[in-house]
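Participant: Handing you a structure now.
The values are calculated or read from the model by the stated rules, or taken from the named source; none is laboratory data. All of these numbers come straight from a predicted model, not from anything done at the bench. Note that each Cβ is placed from the backbone with ideal geometry, even for glycine, and that neighbours are counted across all protein chains shown. Protein only, heavy atoms only, side chains kept; ligands, DNA and RNA dropped before computing areas. Shrake-Rupley method; radii C 1.70, N 1.55, O 1.52, S 1.80 Å.
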Amino acid sequence: MIETVYGKIVKVNEDKRLIAIMQHKKLAYFYMSKGMFRQFLDYFHKDIYVFLKVKKETRIYKDFIVQNVVSIDKVLSPRGNQPTVFYDISMIKTEIKKLINQERYRLFIDFEMSMPPYQNYNKFISEIIQVGFVLTDARGKEIQRYNAFVKPKLFPKLSKRTLKFLDLSQDDVDHGTKFEDLYQILYNINQEYQPIIYVWGKNDKSELSKLNRIHDLDDFINDMQFVDLLSLHKTYFRLKNDLGLFNAYNMYAKEDLNQQRHDALEDAMVTKDVFYWFKDVCNHKMKVEI
């Protein structure tokens, strides 16, 4: 059972990751995981108010009777009629909802990268070798779909690890498009539609920027709005660990899609599906169990 508690911090024990607040005229202790305690440690001072979701059951922890903190909903410092709010998950969710609901073109994109060999990999640099994307209008109608292999420049011959993991052939990339052509396609899309670009994780944006530098091309990444859908999920659902793209799909669709082929277009399509399910959650049209 989960319950909500709130009150003013009276004591902080960094070694045991405990805070104490007054509850019913008694001092109550609350225990946090290492990551949660570290995240909010700068705010844990006397006279700071916290709003917590905790497990109702108590337990003994190093001579203290404690309740485990499930999540921190709000942290604030009273300032008369205008308290200073340091953290408020409801406000954060509101901002995420505004972002998700923007009436914009959307580009769902995924890259597959080359991988280092099993040996002698110290000087290896990964490169984009496949791209898949889906461009939609503000209402979700598909405008363009694209899937292509990309010729690597620095290491034209792919490692056995890459060929095995991505289940492709050397011939696929040898007959692939040039990175300069991919660059022009993305540049033109950005100029014409100015879409929000949704990716799963941070690698796709950094890899694209890196390839622009490798090919001595102007890096227009800063002119594009990238949104990391994984990061939004971690923040919205307050997850401790990263959530895999296909695990997110399974969570929403309630079906097993774990037979992942590591195909860029397939991953882009799955990212698109996950986005619209997440949008429904943000707009309270859908509920999921984490």
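Participant: Regarding MET36, is this residue part of a strand (DSSP E or B), at pLDDT below 95 and not assigned by the TED database to the domain that holds ILE196?
Facilitator: Working: part of a strand (DSSP E or B): no; at pLDDT below 95: yes; not assigned by the TED database to the domain that holds ILE196: yes.
The answer is no for MET36.
Participant: Output the residues belonging to segment 130-171 that are part of a strand (DSSP E or B) and either aliphatic (A, V, I, L, M) or on the phi > 0 side of the Ramachandran plot (or both). Explain how you work it out, then say what you get.
Facilitator: Filtering segment 130-171 for residues part of a strand (DSSP E or B) gives 130-136, 142-150.
Selection gives VAL131, VAL134, LEU135, ILE143, ALA148, VAL150.
Participant: Could I ask something else about it? Only one of these is open to solvent by less than 90 Å² (accessible area, probe 1.4 Å), touching a strand residue (DSSP E or B) at 6+ places or on another chain (Cβ under 9 Å), at pLDDT 95 or above and within 30 Å of PRO195 (Cβ to Cβ): LEU18, LEU52, LEU99. Name it.
Facilitator: Result of the check over LEU18, LEU52, LEU99: LEU99.
Participant: When the residues of segment 103-129 are narrowed to those that are of a type in the set (Asp, Glu) and part of a loop (DSSP other than H, G, I, E, B), which ends up surrounded by the most Cβ atoms within 10 Å (Cβ to Cβ)? Explain how you work it out, then say what you get.
Facilitator: First pass over segment 103-129, keeping only residues of a type in the set (Asp, Glu): 103, 110, 112, 127.
Next cut, part of a loop (DSSP other than H, G, I, E, B) only: 103, 127.
Working: GLU103: 7, GLU127: 23.
Across segment 103-129, the extreme among qualifying residues is GLU127.
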